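Have a look at the structure below, then the notes.
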Amino acid sequence: MNYTNETLHFQVSLTAQAFHFARQLSGKQKDLDKSRQVYLNTLAVYAVNFYCQYLEVETDLEHSDSWNSLSHLLLDAADLEITGVGKLECRPVLPGAKTVKIPPSVWNERIGYVVVEIDESSKSATLLGFVKEVITEELPLSKLQSLADLIEHLQPVAEVSPNPSVIEQTVVHLGQWLQNLFTSDWQSPDLVLSPAYRSAIRPKVQEPNSQEVSVSGAKVIDLGIQLSSHKVALVIQLTTQASGSVDIRLRVYPTGDSIYLPQGLQLIVLSSDGNLISENFARSADNWMQLELEEGRPGDEFQVKLALEDVSIIENFIL
């Protein structure tokens, strides 16, 4: 099965708190260039720390050099302490950059290097990828590995930090949908979505004599009692192909009177053994988001995880 989405990156909204930390640390620098570097470094570390928290990877900001104003006097520090593993370097770049600068002073004693694009105009930071080691001060961004490789790199930590707020559902047999057999918790999208979104998920018009079949199911996901105002609809559309494979489109929409998805909502696809395959992230004014799984075959298994704050819902599927 091939997995695609609109972006392979991870975007974090930079909050007022993030900018406060950045200004606080950079303001202690007398040199303007140094102050600017500390400012960007701090935002990059903040974004990577947010990503690690989302992955349930334990971090220790207080023991990171990047969070210590005295360290900045001597170092170009952008490290994040990963508890029990080591320091992860978080290097910032600006939009349009083709390379990232990594000073020789951080070439050692690092478990990896994450590159973060800082877009101050949109108040966002985008994790572009990572490398395990560097031997040059200028690293082309084209050399970055996928964030999925970073997850695997930190997997031992993730496995020992379980989240008690994860709710896992029983297995849904998608192959039965193609025979028009649905369980009671999955309904027609027309019964779940508001009229504004119904046309977006209707099957395309089939060509005469086409062997393609398209079917959709929708389920309202309640992200916990404490977040009862954040109910969303997960819509899954299956489309058979002439080759015998099945393409799977996953979409998430707001429900009820809501116009936008909750900011920070994560849509993640995991393999059956819990490894990250693909992900997407709701920004401040997103009214839907999507992932696609292509060329699925009978027997393929995967998980879909919706996560917001400290609440996660996992749906298990088999084709």
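Derivation of every value follows stated rules applied to the coordinates shown; laboratory data play no part. Here the structure is a predicted model, which means the values were calculated and not measured. Cβ coordinates were reconstructed from backbone atoms using ideal geometry, including for glycine residues, and neighbour counts include every protein chain displayed.
Report the convex hull volume per residue for segment 97-145, counting only C-alpha atoms, in Å³.
In segment 97-145, the Cα convex hull volume per residue is 82 Å³.
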Query raised in the report: Using 1/(1 + (r/R0)^6) with R0 = 25 angstrom and r between the beta carbons of Thr183 and Arg297, what's the FRET efficiency to the nearest 0.05?
Result: 0.70
Query raised in the report: Under a plain spin-label model, where a point goes 7 Å from the Cα along Cα-to-Cβ, how far apart in nm are Glu109 and Thr15?
Result: 3.0
Query - Compactness of segment 209-303, expressed as Rg and Dmax over alpha-carbon positions, Å - result: 15.0, 50
Report task. With the Cα gyration tensor of segment 240-280 in hand, give its eigenvalues times 5 under a square root as the equivalent ellipsoid semi-axes, listed largest first in whole angstrom. Result -> 26, 17, 7
**Report entry** Contour excess over end-to-end distance, with Cα ends at Val220 and Ser271 and 0.36 nm allotted per residue
**Finding:** 16.1 nm
Query raised in the report: List the aspartates and glutamates whose alpha-carbon lies under 17 Å from that of Lys123, not counting same-chain residues fewer than 8 positions away?
Result: Asp286
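Only loop residues by DSSP count here, and only those with at most 12 other Cβ atoms within 10 Å; note down the chymotrypsin sites (Phe, Trp or Tyr not before Pro) in segment 27-109 that meet that. List each step's numbers first, then the result.
Working: sites: Tyr39, Tyr46, Phe50, Tyr51, Tyr54, Trp67, Trp107; in loops: Trp107.
The qualifying sites: there are none.
Can you give the FRET efficiency for Glu309 and Asp257, using 1/(1 + (r/R0)^6), R0 = 22 Å, r = Cβ-Cβ distance, to the nearest 0.05? Can you show the working numbers first?
Numbers: r = 21 Å, r/R0 = 0.96.
With R0 = 22 Å, the Cβ-Cβ based efficiency is 0.55.
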Query raised in the report: Label points 7 Å out from Cα along the Cβ direction at Ser284 and Gln53: separation in nm?
Result: 1.8
Report summary line: With segment 9-159 reduced to its Cα atoms and the Debye formula applied, log10 I(q)/I(0) at q = 0.09, 0.15, 0.16 1/Å amounts to -0.24, -0.70, -0.81
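With a 10 Å Cβ neighbour count serving as the proxy for reagent exposure, in which order, fewest first, do Lys143, Lys123 appear?
The most exposed by this proxy come first: Lys143, Lys123.
Starting from the Cα-Cα distance between Ser121 and Thr170, subtract it from 0.36 nm times their residue separation and give me the gain in nm to one decimal.
Values: separation 49, 0.36 × 49 = 17.64 nm, distance 4.30 nm.
Once the chain is fully extended between Ser121 and Thr170, it gains 13.3 nm.
Test of understanding: ordering His20, His153 by Cβ neighbours within 10 Å, fewest first, what list do you get?
Numbers: His20 11, His153 18.
By the 10 Å Cβ count, ascending: His20, His153.
Set the Förster distance to 41 Å, then compute FRET efficiency between Lys231 and Glu62 from the Cβ-Cβ distance, nearest 0.05. Don't jump to the answer; show the numbers that get you there.
Details: r = 36 Å, r/R0 = 0.89.
Here the calculated transfer efficiency is 0.65.
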Report summary line: Any lysines whose Cα falls less than 25 Å from that of Lys305, other than same-chain ones fewer than 8 residues away, would be Lys219, Lys231
Report summary line: Which residues qualify? For Gly129, with a placed amide H closer than 5 Å and at least 5 residues away or on another chain, they are Val115
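Given the pairs Lys87/Lys132; Lys30/Lys101; Lys98/Lys143; Lys30/Lys87, which are separated by over 19 angstrom at their Cα positions?
Numbers: Lys87/Lys132 11 Å; Lys30/Lys101 22 Å; Lys98/Lys143 10 Å; Lys30/Lys87 27 Å.
Distance filter (> 19 Å) returns Lys30/Lys101; Lys30/Lys87.
In the neighborhood of Glu81, defined by Cβ-to-Cβ distances under 9 Å, what is the net charge if each Lys or Arg adds +1 and each Asp or Glu adds -1?
-3
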Report task. Determine the gain in length on full extension of the stretch Leu94-Val213; use 0.36 nm per residue of separation and subtract their C-alpha separation, reporting nm with one decimal. Result -> 38.3 nm
